[in-house]
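One structure below.
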Amino acid sequence: MARRKIVAGNWKMNMTPSQAVKLVEELKPLVVSEDVDVVYCVPAIDIVPVVEAVKGTNVQVGAENMYFEEKGADTGEISAEMLVDAGVKYVVIGHSERRDYFKEDDVLLNKKVKKAIEAGLTPILCCGETLEQREMGVTLDWIRLQIKSDLAGVAASDVANLVIAYEPIWAIGTGKTATSDQAQEVCGAIRDCIREMYDDATAESIRIQYGGSVNAGNAAELFAKVDIDGGLVGGASLKADFGKIVNYK
Ligand code: 13P
């Protein structure tokens, strides 16, 4: 069976709550789609108003981060249970900005992935190489290490439902998109890695997105690749173009 595409916006640290509701209203008629799952991953403070604003539409809401502990003395953090109770379905885990600026490592990310799944959230697990790593020729080794570490101890039945986003760091916010062949090579290698770790059925079921300067002009070519099941979109998710990306065909 063909995998259903999933196009998610990662709003990053943009949109106050009132701006967020306005954006949801503007995008409402543009992101209607029968064939594509549409997700807005929004700042924590926007979750409650955005969940309310998307009611009755085809859009689901994701968080951009969460903590792995159940509850307690973790000032400033948000638990998986809080997200679920607020109506969140997806959670971005391991975005390169969190790995880099907030020093999140694979041991921590593995805990977050497990907790998200246990709580009933779908992780959008991010991976990606730096330009230096690409030039050194270690991209696939690096990505495999990230995937293997972040999914260590996660059951096949859970992995089958999750989403992995391949986001080359050199392509994020730079306007430099990976070519569709470069993106396909790595997304295909991620699927092979899942096949090795689990089995064929799990590898064929997991959805793998590309992220990094996706826009209305390049989405169709990227999403046509055999192992690319949609996109994780930063900058272009904050404007009307997002509707064109969702309806890329
Ligand atoms: P841009 O689409 O702005 O390059 O951001 C990509 C990204 O980091 C999505 O998570």
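Here are some notes:
- Largest mean-square fluctuation among Leu23, Leu121, Leu151, in a Gaussian network model of the chain whose springs join Cα atoms under 10 Å apart, belongs to Leu23.
- For the chain, a Gaussian network of Cα nodes joined below 10 Å ranks Asp229, Asp37, Asp150 by mean-square fluctuation, and the top entry is Asp37.
- Highest mean packing comes first when the peptides 174-180, 215-221 are listed by Cβ atoms within 10 Å, giving 215-221, 174-180.
- Per-residue extension of 0.36 nm, minus the Cα-Cα distance of Val138 and Glu196, leaves a gain of 19.0 nm for this segment.
- Residue with peak Gaussian network fluctuation, the chain [Cα springs, cutoff 10 Å], from Glu34, Glu97, Glu129: Glu34
- 19 Å cut-off, amide nitrogen to a point 7 angstrom out along Thr75 Cα→Cβ, residues in the stretch 23-61: none
- Residue list for the stretch 22-60, given a label point 7 angstrom along the Cα-to-Cβ vector of Ala240 and an amide N cut-off under 17 Å: 22-32
- Taking 14 Å as the straight-line reach from the Cα of Lys12, the aspartates and glutamates in range (excluding those fewer than 8 positions away in the same chain) are Asp46, Glu64, Glu97.
- For the stretch 159-222: Kirkwood Rh in Å [reciprocal of mean 1/r, alpha carbons]: 12.3
- Alpha-carbon Rg/Rh ratio, for the chain, with Rh computed the Kirkwood way: 0.93
Every number in this text was worked out from the coordinates using simple rules, so none of it is lab data. Note that this is a predicted model, so its numbers are computed, not measured. Here Cβ is always computed from backbone atoms with ideal geometry, including for glycine, and neighbour counts include all displayed protein chains.
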